[in-house]
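A.B. asks: Pasting a structure below so you can have a look.
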Amino acid sequence: MRTLGTRRSASSGGGFESEGAAGPTRPMRARGRRFRIAFRVAKILLAIAGVLAAAVGLLFALTPSAGQATALAQAQAQARHIAYPGPPVPQNFAQALIATEDHRFNTDPGVDPLAMGRVVVSWITGRKDQGGSTIDQQLAKNLYTGGRSGFTRDLEQLALAVKLNQAYSRAEILRLYAEVAYYGHGYYGLEAASCGYFGRPPDRLTLVQAAMLAGVVNAPTYDDPLVYPHQARTRLLHVIGRMTAVGYLTQAQEIAALNASLGLSAVRGCP
């Protein structure tokens, strides 16, 4: 009996030692599995990042140089029989355009990551969102891709927008944009539109006139104030509201602008 008891005690002690030894190995094995999974995920993410980097590099290599922008703008001006370079962009027009088309214009790198993310979500959900195009992208579209869109052209415009952002100052981008944009009623370029609609050069535009021209570039045929005055007025209200929202106008200035006469000229052209 003593021997049996001794064996049982030894057997029981051995069992407890075995369980105690096995206990710590389980969390170690779990940690090992987690580490291997995390390592595999990291490798996949690095591979994806490498592919994206290569794709971006290839896209930059295949797209034209941003240095061609001024030559392209000049060629368009000559084809449309307008002066090049045009006059400097007045402050009211610049602020109205930025507030309406690209309120992060002065800080974004030519593309707006937040707006692009919103557009991607809209593609996935099937909802329409056209809010991802910066002023740089619109300039690239007008200068390099003939105003056309599509998946490959949109990718090209993204690369070109970044290049333009790196090659030109913000003031130069605005001036190029103003000179090649279409303002409706057959007017290309800010000077032609200013003289055509209001009979005065851009530096004499009132706040409400500059806001109207900045707003019409989004849909120049539909928002033409001579053909569709109601739609043009609705667009103008939006532009003035955006200028107030981003801090360019006070509430009092907004009210004054909304009550001001647009002053469309009966005579087309500057004296």
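A.B. asks: Between residue 250 and residue 104, 0.36 nm times their residue separation minus their Cα-Cα distance comes to what? Provide the component values of the computation, followed by the final result.
C.D. replies: Numbers: separation 146, 0.36 × 146 = 52.56 nm, distance 1.94 nm.
Length difference between fully extended and current span is 50.6 nm.
A.B. asks: Also, I was wondering about something else. Net charge near residue 162: determine it from the other residues with C-beta under 12 Å of the C-beta of residue 162, scoring Lys and Arg +1 and Asp and Glu -1. Don't skip to the answer; put the middle values down first.
C.D. replies: Working: positive: 163; negative: 108, 112, 136, 156.
Here the count lands on -3.
A.B. asks: Just subtract the alpha-carbon distance of residue 83 and residue 62 from 0.36 nm times their residue separation and send over the number in nm, one decimal. Please report the intermediate quantities before stating the final value.
C.D. replies: Details: separation 21, 0.36 × 21 = 7.56 nm, distance 3.14 nm.
Taking 0.36 nm per residue and subtracting the Cα distance, the gain is 4.4 nm.
A.B. asks: Could you check the spin-label model distance between residue 231 and residue 219? Points 7 Å from the Cα along Cα→Cβ, value in nm.
C.D. replies: For the pair residue 231/residue 219, the computed spacing is 0.6 nm.
A.B. asks: While we're here: Explain nothing, just the number: relative contact order of segment 149-257, from Cα pairs under 8 Å at least 6 residues apart, as a whole percent. Please report the intermediate quantities before stating the final value.
C.D. replies: Numbers: 90 pairs, mean separation 18.1, N = 109.
Relative contact order comes out at 17 percent.
A.B. asks: Same structure, new question: Run the numbers for residue 149 and residue 71: contour at 0.36 nm per residue of separation, minus the present Cα-Cα distance, in nm. Display every interim value, and only then the final one.
C.D. replies: Details: separation 78, 0.36 × 78 = 28.08 nm, distance 2.19 nm.
Extra length from residue 149 to residue 71 when fully extended: 25.9 nm.
Since every read-out is calculated from the coordinates, none of them should be taken as a lab result. A quick note: this is a predicted structure, and the numbers were derived from the prediction, not measured. Note that each Cβ is placed from the backbone with ideal geometry, even for glycine, and that neighbours are counted across all protein chains shown.
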